[in-house]
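*Asks:* Below is one structure. I have some questions about it.
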Amino acid sequence: MTLFSLAWHSLGSRRKSVVLTFFSLLISISVLLSVEHLRLQAKESFNRTVSGVDIIVGAPSGQLNLLLYSVFRMGTPTNSIKYSSYQTLKNHSLVEWAVPISLGDSHHGFRVLGTSQEYFQYFKYADKKGLVFEQGQAFTGMFDTVIGSDVAKQLGYKLGDKIVIAHGIAATSFTHHDNAPFTITGILKPTGTPVDKTVHTSLAGIEAVHLSPRQLRNILEGNTKEEIAPRQVTAVMLGLKSRLATFKLQRDINNTNSDKLMAILPGVAMTELWQLMGTVENLLRVIGFLVLISSLFGLSTMLLASMDQRKGEIAVLRILGAGPRVIFSLVLLEALILVLLAIAAASGLISLTLYLSGDWLASHYGLFLSGHLFSTDIMLAMLVILGATIATAIVPAIEAYKSALHTVLSSKL
Amino acid sequence: MESTETNNAESQSTLAISLNNIEYKYKSKATSPDLTIPQWDLKRGQQVFLYGDSGSGKTTLLNLLAGVLTPSAGVIKIFDRAFSSLSARQRDKFRARHIGVVFQQFNLIPYLSVLKNIQLADYFASTKRKDIIDSAQALLSKLKMPASVLNKRASELSVGQQQRVAIARALINQPELLLVDEPTSALDASARDAFMKVLVETCAAANTTMVFVSHDMSLQDYFETSIAMPLLSQSSSSQEGLK
Ligand SMILES: Nc1ncnc2c1ncn2[C@@H]1O[C@H](COP(=O)(O)OP(=O)(O)OP(=O)(O)O)[C@@H](O)[C@H]1O
Ligand SMILES: [Mg+2]
């Protein structure tokens, strides 16, 4: 027999109110922990999406807009920039590498990205990690394609499979260009970024999808010798020779006359994104905390209400030599047991939900959430919950202490 | 008065209870105390029957002896240890280890099994005995209870059974002093007699000092010594209270 087992049985003896309190705690703790987890994970997931890119150039719109569609493949690009602008940038003296991207098409709901072979060499994510091929290699021909790991997994594609790319980005596009089949030449390793959900092709391939059926047939049958020259791209990612030149180059690009261009720094745009989300984030945290406090008050009320019926129980414990401090700890322990159980259950619930909804969140919101809940920040949040529990349970605990102090052993109850 | 004073030196080791000029007030501002006991000694191993009218202060006295209440004035010594020199915490520990208490009813925690109720006494005395189940079983069989009762919830027992379990629990730590307050008032006549028999026998066998409180005078026959509460609280010598 220990104090823990006593507290446990005591909770068990008041099963109905305890179970109700438990559910209220479970809900509030789940809310608080998932807000916290989503917040941290969203930040990490977004931050790891792109790395090593110094400047992104696109058609003028908002810098967030450009960031969202070029990096997160969210939303639709409003305008394009000239292909010649890409060539100019590529040959710029300050630029080490330039990777064009062309968006706007889809394959079974997965975004299609037209780009150059340099993409696989220079595009980095997380801590400057490069893209690695699980199988095959980068595309070489016009109708070759490299797919992300989720595309391969979800659609069951293998190397050498032929796929069709549709114009537009809806899962079911109206204009299926059935006569423009692409061959899978490479499958990338998982990255935990939107790359996993992307079908990569050459710029020429994208251009071909948009040709008239007759022109397309000509090309497929090898009637035309001429290369299809891309006329426009959605954005260009730049790596600079020296990062010191970043601001100068950004200014130069923004002042280009030959084309309407806008240059953004991914880090700066990302910060703006966080500032925008910061308010919402804090609001959610405050709401989560208020919900928690209210359920903790519920817990205290439950314990306090039980005090009357527990007078006899306390008297028995006093007879056996339990001091008022023991009674105090007993009540506190009951509160902590309930909250710890609720934390454990909430963690399980959230992990399960993340596991089940991970794919959906990734494809709809570009959020790659880890099901692994126990980061330092979450642990910290749990400690805060326990601290708040002690702070609120102190009221019934003191009540029990007083009752124990004034208990007179008496035959009349 | 004189005789007790001269005997004091040698009686040190043989006294279980020694009260000196005890006063107790439930409300510290009250003018007259709720209980006054000028002098009372009880030898080790003695079993006394304490009777008196309702409100004469019997339960209050037991609370003082158990160390739950502390006297407003005077000195209480239990086995030569002055309660007034102990902290509240030490008194609680002392009670856990050396004093068993049985009340009229509600002695057990209803939602715990009989065994757990008994183990609780062991837990608070921090004796951590390994043979606790065996001892509990032995005690229960002495009290004429089947071993199967150990795993029943206390609330499932009859009142008579509960009272016997209460005795088993009070005795599990082999206390030197057993304080009993009207344990039979909830029992019918036959259950009461059976209960009294096992109680007195078990205590005598263990040489446990016992203070047994009741206003049921018929129980007097189970004891060699009886004390009337009014005499105890008025007289200046314990001897006058003895029959
Ligand atoms: N908890 C309490 N608070 C205040 N006064 C009390 C309390 N308990 C007892 N008293 C008072 O102390 C006096 C002695 O009461 P006590 O309970 O000791 O009597 P008793 O002899 O045990 O009576 P009974 O035979 O009815 O059990 C009474 O006058 C009673 O009113
Ligand atoms: Mg009484």
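*Asks:* Being touching a Ser or Thr at 6+ places or on another chain (Cβ under 6 Å) and either modelled with pLDDT under 90 or among the charged types (D, E, K, R) (or both) is true for just one of B:ARG169, B:ARG164, B:ARG192. Which residue is that?
*Replies:* Result: B:ARG192 is the single residue among B:ARG169, B:ARG164, B:ARG192 that is touching a Ser or Thr at 6+ places or on another chain (Cβ under 6 Å) and either modelled with pLDDT under 90 or among the charged types (D, E, K, R) (or both).
*Asks:* What do you reckon, is A:GLY371 farther than 30 Å from B:SER54 by Cβ, among the small types (Gly, Ala, Ser) and either within 16 Å of ligand 2 (Cβ to nearest atom) or without any contact (Cβ under 8 Å) to a residue 12 or more places away in the chain (or both)? Steps first, please.
*Replies:* Values: farther than 30 Å from B:SER54 by Cβ: yes; among the small types (Gly, Ala, Ser): yes; either within 16 Å of ligand 2 (Cβ to nearest atom) or without any contact (Cβ under 8 Å) to a residue 12 or more places away in the chain (or both): no.
Taking the combined requirement at face value, the residue does not satisfy it.
*Asks:* So B:PHE124 fits all but one of (1) within 30 Å of B:ALA73 (Cα to Cα); (2) more than 13 Å from chain A (Cβ to nearest Cβ); what number is the exception?
*Replies:* All conditions pass for B:PHE124, except number (2).
*Asks:* How do the pairs read when you match residues in segment B:109-138 that are touching a residue at least 40 places away in the same chain (Cβ under 8 Å) with residues anywhere that are crowded, with 21+ Cβ neighbours inside 10 Å and among the basic types (Lys, Arg), using Cβ under 6 Å and keeping only pairs 6 or more apart or on different chains?
*Replies:* B:ASN117/B:ARG169; B:ILE118/B:ARG169; B:ALA121/B:ARG169
*Asks:* Quick one: A:SER102 ticks every box in (1) within 30 Å of B:ASN151 (Cα to Cα); (2) touching a strand residue (DSSP E or B) at 6+ places or on another chain (Cβ under 8 Å) bar one, so which box is it?
*Replies:* All conditions pass for A:SER102, except number (1).
*Asks:* Could you tell me how many of the residues in segment B:205-231 are more than 19 Å from B:LEU15 (Cβ to Cβ) and either among the basic types (Lys, Arg) or away from ligand 1 (no atom under 16 Å from the Cβ) (or both)?
*Replies:* 3
*Asks:* Among B:PHE103, B:PHE79, B:PHE49, which is the only one that is more than 13 Å from ligand 2 (Cβ to nearest atom), in contact with a Ser or Thr (Cβ under 6 Å, 6 or more places away or on another chain) and of a type in the set (Phe, Trp, Tyr)?
*Replies:* On the way: B:PHE103 fails: more than 13 Å from ligand 2 (Cβ to nearest atom); B:PHE79 fails: in contact with a Ser or Thr (Cβ under 6 Å, 6 or more places away or on another chain).
Going through B:PHE103, B:PHE79, B:PHE49 in turn, just one is more than 13 Å from ligand 2 (Cβ to nearest atom), in contact with a Ser or Thr (Cβ under 6 Å, 6 or more places away or on another chain) and of a type in the set (Phe, Trp, Tyr): B:PHE49.
*Asks:* Taking the criterion of being within 14 Å of chain A (Cβ to nearest Cβ) and more than 16 Å from ligand 1 (Cβ to nearest atom), would at least one residue in segment B:182-190 satisfy it?
*Replies:* Yes, segment B:182-190 contains a residue that is within 14 Å of chain A (Cβ to nearest Cβ) and more than 16 Å from ligand 1 (Cβ to nearest atom).
*Asks:* On to the next question. What are the residues in segment A:36-94 that are β-branched (Val, Ile, Thr) and at pLDDT 90 or above, if any? Full working, then the answer.
*Replies:* Residues of segment A:36-94 β-branched (Val, Ile, Thr): A:49-50, A:53, A:55-57, A:71, A:76, A:78, A:81, A:88.
Within segment A:36-94, A:VAL53, A:ILE55, A:ILE56, A:VAL57, A:ILE81, A:THR88 meet the criteria.
*Asks:* I'd like the full set of residues that are touching a residue at least 40 places away in the same chain (Cβ under 8 Å) and at the interface with chain A (Cβ under 7 Å from one of its Cβ atoms), limited to segment B:80-96.
*Replies:* B:ALA96 - this is the single residue of segment B:80-96 that is touching a residue at least 40 places away in the same chain (Cβ under 8 Å) and at the interface with chain A (Cβ under 7 Å from one of its Cβ atoms).
*Asks:* Considering each of A:LEU290, A:LEU284 in turn, give the residue that is within 30 Å of A:ALA335 (Cα to Cα) and crowded, with 18+ Cβ neighbours inside 10 Å.
*Replies:* A:LEU284
*Asks:* Quick check on this structure: which one of A:VAL99, A:VAL164 is assigned by TED's automatic domain parsing to the domain that holds A:THR183, in contact with a His (Cβ under 9 Å, 6 or more places away or on another chain) and either surrounded by fewer than 16 Cβ atoms within 10 Å (Cβ to Cβ) or at pLDDT 90 or above (or both)?
*Replies:* The conditions single out A:VAL164.
*Asks:* Restricting to segment B:175-215, and then to whatever is more than 12 Å from the chain's Cα centre (by Cα) and of a type in the set (D, E, K, R), can you tell me which residue is nearest to ligand 2 (Cβ to nearest atom)?
*Replies:* Going through the qualifying residues, I end up with B:ARG192.
*Asks:* Hey, another quick one. Count, please, the residues in segment B:52-76 that happen to be closer than 20 Å to A:GLY321 by Cβ and within 14 Å of ligand 2 (Cβ to nearest atom).
*Replies:* Number of matching residues: 10.
*Asks:* Just one of the numbered conditions (1) in contact with a helix residue (DSSP H, G or I) (Cβ under 6 Å, 6 or more places away or on another chain); (2) among the hydroxyl-bearing types (Ser, Thr, Tyr); (3) not assigned by TED's automatic domain parsing to the domain that holds A:ALA342 is not true of A:SER80; which one?
*Replies:* Here A:SER80 clears every test but (1).
*Asks:* Next up: For segment A:315-340, name all the residues that are closer than 25 Å to B:LEU179 by Cβ and more than 10 Å from chain B (Cβ to nearest Cβ).
*Replies:* Let us first name the residues in segment A:315-340 that are closer than 25 Å to B:LEU179 by Cβ, namely A:315-327, A:330.
Once the filter is applied, which keeps residues that are closer than 25 Å to B:LEU179 by Cβ and more than 10 Å from chain B (Cβ to nearest Cβ), segment A:315-340 yields A:ILE327, A:LEU330.
*Asks:* Here's a follow-up. Filtering segment B:33-46 down to residues that are over 19 Å from B:LEU15 (Cα atoms) and more than 16 Å from ligand 2 (Cβ to nearest atom), which residue is farthest from the chain's Cα centre (by Cα)?
*Replies:* B:PRO33
*Asks:* Select from segment B:18-47 the residues that are of a type in the set (Asp, Glu) and either closer than 20 Å to A:HIS406 by Cβ or within 15 Å of ligand 1 (Cβ to nearest atom) (or both) and list them in ascending order.
*Replies:* If the condition is that a residue be of a type in the set (Asp, Glu) and either closer than 20 Å to A:HIS406 by Cβ or within 15 Å of ligand 1 (Cβ to nearest atom) (or both), then B:GLU23, B:ASP34 are the ones that fit.
*Asks:* Could you say which residue among B:LEU50, B:LEU64 is open to solvent by less than 20 Å² (accessible area, probe 1.4 Å), in contact with a Pro (Cβ under 7 Å, 6 or more places away or on another chain) and within 16 Å of ligand 1 (Cβ to nearest atom)?
*Replies:* When all the criteria are applied, what remains is B:LEU64.
*Asks:* Please identify the pairs in which a residue from segment B:181-194 that is open to solvent by 40 Å² or more (accessible area, probe 1.4 Å) has its Cβ atom under 6 Å from the Cβ atom of a residue that is within 14 Å of ligand 2 (Cβ to nearest atom), counting only partners at least 6 apart or on another chain.
*Replies:* The qualifying pairs are B:SER185/B:GLN104; B:ALA186/B:GLN105; B:ARG192/B:THR184.
*Asks:* Same structure again: Select from segment A:253-284 the residues that are farther than 15 Å from A:LEU68 by Cα and in contact (Cβ under 8 Å) with a residue 12 or more places away in the chain and list them in ascending order.
*Replies:* A:ILE253, A:THR256, A:SER258, A:ASP259, A:LYS260, A:LEU261, A:GLU281, A:LEU284
*Asks:* While we're on this one: Do we have B:VAL102 as open to solvent by less than 10 Å² (accessible area, probe 1.4 Å), over 20 Å from A:LEU405 (Cβ atoms) and within 14 Å of chain A (Cβ to nearest Cβ) here?
*Replies:* Yes.
*Asks:* Only one residue in A:LEU333, A:LEU341, A:LEU352 is open to solvent by 80 Å² or more (accessible area, probe 1.4 Å) and part of a helix (DSSP H, G or I), so which one is that? First the steps, then the outcome.
*Replies:* Working: A:LEU333 fails: open to solvent by 80 Å² or more (accessible area, probe 1.4 Å); A:LEU341 fails: open to solvent by 80 Å² or more (accessible area, probe 1.4 Å).
Selected residue: A:LEU352, the only one of A:LEU333, A:LEU341, A:LEU352 that is open to solvent by 80 Å² or more (accessible area, probe 1.4 Å) and part of a helix (DSSP H, G or I).
*Asks:* Being open to solvent by less than 60 Å² (accessible area, probe 1.4 Å), part of a helix (DSSP H, G or I) and not basic (Lys, Arg): is that true of A:MET302 here?
*Replies:* yes
*Asks:* Working only within segment B:84-98, note down all residues that are buried (at least 20 other Cβ atoms within 10 Å of the Cβ) and either under 12 Å from the mean Cα position of the chain (by Cα) or at pLDDT below 90 (or both).
*Replies:* Correct list: B:ARG95 only.
*Asks:* Also: Run A:LYS402 past the list (1) away from ligand 1 (no atom under 16 Å from the Cβ); (2) charged (D, E, K, R); (3) assigned to a helix (DSSP H, G or I) and report the number of the one that doesn't hold.
*Replies:* Result: A:LYS402 passes all but (1).
*Asks:* Would you be able to say whether some residue in segment A:141-149 is under 15 Å from A:PHE182 (Cα atoms), open to solvent by 40 Å² or more (accessible area, probe 1.4 Å), touching a strand residue (DSSP E or B) at 6+ places or on another chain (Cβ under 7 Å) and of a type in the set (S, T, N, Q)?
*Replies:* no
The values are calculated or read from the model by the stated rules, or taken from the named source; none is laboratory data. Given the structure is predicted, the values throughout are model-derived calculations rather than measurements. In this analysis, Cβ positions are derived from the backbone assuming ideal geometry, glycine residues included, and neighbour counts consider all displayed protein chains. Areas reflect the complete protein model, heavy atoms only, side chains present, ligands, DNA and RNA absent. Shrake-Rupley method; radii C 1.70, N 1.55, O 1.52, S 1.80 Å.
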